[in-house]
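Down below is the structure, laid out as structure tokens.
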């Protein structure tokens with residue numbers, strides 16, 4: 001098996017071509033090689049790998065990665081190398097979502113390992129301190145212990161400025177989004193409006209798709225003011241299905257969207273449930 005590789009220059013050229021042609025950019029997460037293969041065949045631009053996607057593929061919620069039950073970076077690197085890359089044909093690029101707050105790893109070495117396996121793109125969400133409510137006690141405890149957004153920003157800057165990688169920044173709040181845009185200046189920025197609702201493990205925070213679009217656009221405008229060249233994509237909250245994503249395209253000024261559960265957990269749940277139920281309903285003939 002020889003894994004097909006894309007250079008940073010090829011990745012950026014492909015993205016710019018789609019933007020010029022007004023074709024939406026699509027980023028999608030994959031927790032297994034089969035999902036990655038299918039996503040690439042359907043035309044996604046980027047397949048994201050992160051420990052939350054792998055846990056999601058095993059029946060847990062994405063946020064299970066926030067609990068200390070695994071080495072997030074090791075999980076991401078191992079399954080990216082062994083499951084995802086061998087399944088892909090080189091049309092889509094892979095972005096590894098890393099934990100920049102890992103106290104046991106030099107992130108320069110982690111980034112070098114990514115490049116060695118052919119992954120030329122990274123993001124800061126695997127997991128990110130931005131996931132944690134900023135007015136909570138756990139957020140204050142974590143930041144006082146040195147688990148900070150600044151570490152994530154520093155990793156994105158290192159990846160882009162010194163190591164020549166494509167960077168995808170992600171923030172859950174306006175404050176974090178602006179800090180990432182101003183300091184890291186990632187090639188792509190995704191505003192995460194909240195955990196995707198729907199299915200067995202989804203979470204509904206009460207936001208409608210209209211709320212999701214309004215909040216996302218407000219952040220887009222401020223991020224673009226700080227970093228005019230950035231490519232903007234939307235994710236999460238009420239963006240559950242293609243109609244929702246179309247609404248986001250129609251009502252925001254971004255360049256595309258990022259799907260996670262919407263193109264992985266939710267369709268798998270539906271398809272397997274339907275097929276297995278039909279088999280389970282079979283009975284012996286008389």
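Taken together, the values in this text are just the output of simple stated rules run on the coordinates, not laboratory data. This structure is a prediction, so every number in the text was calculated from the model and none was measured. Here the Cβ is made from the backbone with ideal geometry for all residues, glycine too, and neighbour counts use every protein chain on show.
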With a Förster radius of 30 Å, plug the Cβ-Cβ distance of residue 272 and residue 243 into 1/(1 + (r/R0)^6) and report the FRET value to the nearest 0.05.
0.85
Normalised by the number of residues in the chain, what is the relative contact order in percent for Cα pairs under 8 Å and 6+ residues apart?
17 percent
Distance in nm between pseudo-label sites at residue 42 and residue 140 (7 Å out along the Cβ direction from Cα)
4.3 nm
For a quick check, take a GNM of the chain with Cα springs below 10 Å and name the residue from 188, 27, 268 with the largest mean-square fluctuation.
268
If you take every DSSP beta bridge whose two residues both sit in region 12-272, what share of them, in percent to the nearest 5, is antiparallel?
0 percent
Roughly how tilted is helix 209-226, in degrees to the nearest 10 and between 0 and 90, from the longest Cα axis of the chain?
30 degrees
For the chain, modelled as a Gaussian network with Cα springs under 10 Å, which listed residue fluctuates most, 117, 109, 26?
109
